[in-house]
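Visitor: Let me give you the structure first, and then I'll get to my questions.
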Amino acid sequence: MFPERIETDRLVLERLSHENLDLFEFYEICSDADGEEAMAEVTEYMPWDPHETVGESREFVDRCEKQWDEGEAVTYAIRPREGEDGAGAFAGAGGLTIDWDRRTGTLGTWLRKRFWGRGYSGERAAALIELAFDRLDLEVVAVTHHADNAKSRHAVENYVEAHGGRREGLLRNWLPYDEGVADEYRYTITQDEYLNATG
């Protein structure tokens, strides 16, 4: 049902699975064990914390595989293509969680800090929006971000607007965060808006 691999102008999206990842490298990145990344900064506005054990990283990949196999969600490892700085390196993950009853897909992503500021989030989003509407025939694509996350707000607003969508509003006390909950903004794109915007 889902493509194992998607190529864009600058990225390769490959199914996030044990087959396509080195678990220990993935753990080093997600835990900041290699010392190269500020994963605490990457996850600052995410509903998860840097991984503390290899087992936690394994469980994350297991969950991604299970959701894929059951048709609940697709998660891709994001890698820059040849010619890009860091070509072939694991740059982050992006996916689409699917509510078949509501015919809605919800986008999500995170990128390692060294890959911020390149427009990869929008390029990944465009590929997954196309997947949602053209291949899966969903009616709505949604995306949310923590209300205080200015970087995500800028990226999300750009690609949502480019695909004909809009910000719906503020969801108060919506996102599980630290010991409590946080506000987040929600954006949507309908299939008709997408078709009108992309021709």
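The values are calculated or read from the model by the stated rules, or taken from the named source; none is laboratory data. Bear in mind the structure is a predicted one, so any value in this text is a computation, not a measurement. Cβ atoms come from the backbone with ideal geometry, glycine included; neighbour counts cover every protein chain shown. The protein model used for the area step is the full one, side chains on, heavy atoms only, and it has no ligands, DNA or RNA in it. Shrake-Rupley method; radii C 1.70, N 1.55, O 1.52, S 1.80 Å.
Visitor: Please go through region 32-55 and give me each residue that is buried (at least 16 other Cβ atoms within 10 Å of the Cβ) and either in contact with a Lys or Arg (Cβ under 9 Å, 6 or more places away or on another chain) or over 19 Å from Lys113 (Cα atoms) (or both), ordered by number.
Guide: Within region 32-55, Glu37, Met39, Val42, Tyr45, Val54 qualify.
Visitor: Now, a different point. Every residue in region 142-166 that is surrounded by fewer than 15 Cβ atoms within 10 Å (Cβ to Cβ) and either at pLDDT 95 or above or within 14 Å of Gly122 (Cβ to Cβ) (or both), please.
Guide: Those that are surrounded by fewer than 15 Cβ atoms within 10 Å (Cβ to Cβ) and either at pLDDT 95 or above or within 14 Å of Gly122 (Cβ to Cβ) (or both): Lys151, His154, Asn158, Glu161, Arg166.
Visitor: Hey, can you tell me all the residues within region 167-199 that are of a type in the set (D, E, K, R), within 16 Å of Met46 (Cβ to Cβ) and surrounded by 14 or more Cβ atoms within 10 Å (Cβ to Cβ)? If you could, list the steps in order and put the result at the bottom.
Guide: We begin by selecting, within region 167-199, every residue of a type in the set (D, E, K, R); these are 167-168, 172, 178-179, 183-184, 186, 192-193.
Filter once more, keeping what is within 16 Å of Met46 (Cβ to Cβ): 178-179, 183-184.
Across region 167-199, the qualifying residues are Asp183, Glu184.
Visitor: Can I ask one more? Please find, among Ile129, Ile98, the residue that is β-branched (Val, Ile, Thr), within 24 Å of Asp9 (Cα to Cα) and under 15 Å from the mean Cα position of the chain (by Cα). Lay out the reasoning, then the answer.
Guide: On the way: Ile98 fails: within 24 Å of Asp9 (Cα to Cα).
So the residue among Ile129, Ile98 that is β-branched (Val, Ile, Thr), within 24 Å of Asp9 (Cα to Cα) and under 15 Å from the mean Cα position of the chain (by Cα) is Ile129.
Visitor: Take Tyr120 and decide whether it is in contact with a Gly (Cβ under 7 Å, 6 or more places away or on another chain), of a type outside the set (A, V, I, L, M), crowded, with 20+ Cβ neighbours inside 10 Å and in contact (Cβ under 8 Å) with a residue 40 or more places away in the chain. Before the answer, list the steps.
Guide: Values: in contact with a Gly (Cβ under 7 Å, 6 or more places away or on another chain): no; of a type outside the set (A, V, I, L, M): yes; crowded, with 20+ Cβ neighbours inside 10 Å: yes; in contact (Cβ under 8 Å) with a residue 40 or more places away in the chain: yes.
Considered against the rule, which asks whether it is in contact with a Gly (Cβ under 7 Å, 6 or more places away or on another chain), of a type outside the set (A, V, I, L, M), crowded, with 20+ Cβ neighbours inside 10 Å and in contact (Cβ under 8 Å) with a residue 40 or more places away in the chain, Tyr120 comes out as no.
Visitor: Here's something else I'd like to know. Do the conditions hold for Glu82, that is, is it closer than 27 Å to Thr188 by Cβ, open to solvent by 70 Å² or more (accessible area, probe 1.4 Å) and of a type outside the set (Lys, Arg)?
Guide: Numbers: closer than 27 Å to Thr188 by Cβ: no; open to solvent by 70 Å² or more (accessible area, probe 1.4 Å): yes; of a type outside the set (Lys, Arg): yes.
Taking the combined requirement at face value, the residue does not satisfy it.
Visitor: Going by what's in this entry, would Glu44 be described as modelled with pLDDT under 80, in a loop (DSSP other than H, G, I, E, B) and either over 19 Å from Arg63 (Cα atoms) or touching a Pro at 6+ places or on another chain (Cβ under 8 Å) (or both)?
Guide: No.
Visitor: Let me ask something else about it. When you check Trp100 against the structure, is it over 30 Å from Leu21 (Cα atoms), among the aromatic types (Phe, Trp, Tyr) and open to solvent by 80 Å² or more (accessible area, probe 1.4 Å), yes or no? If you could, list the steps in order and put the result at the bottom.
Guide: Details: over 30 Å from Leu21 (Cα atoms): no; among the aromatic types (Phe, Trp, Tyr): yes; open to solvent by 80 Å² or more (accessible area, probe 1.4 Å): yes.
No, not satisfied.
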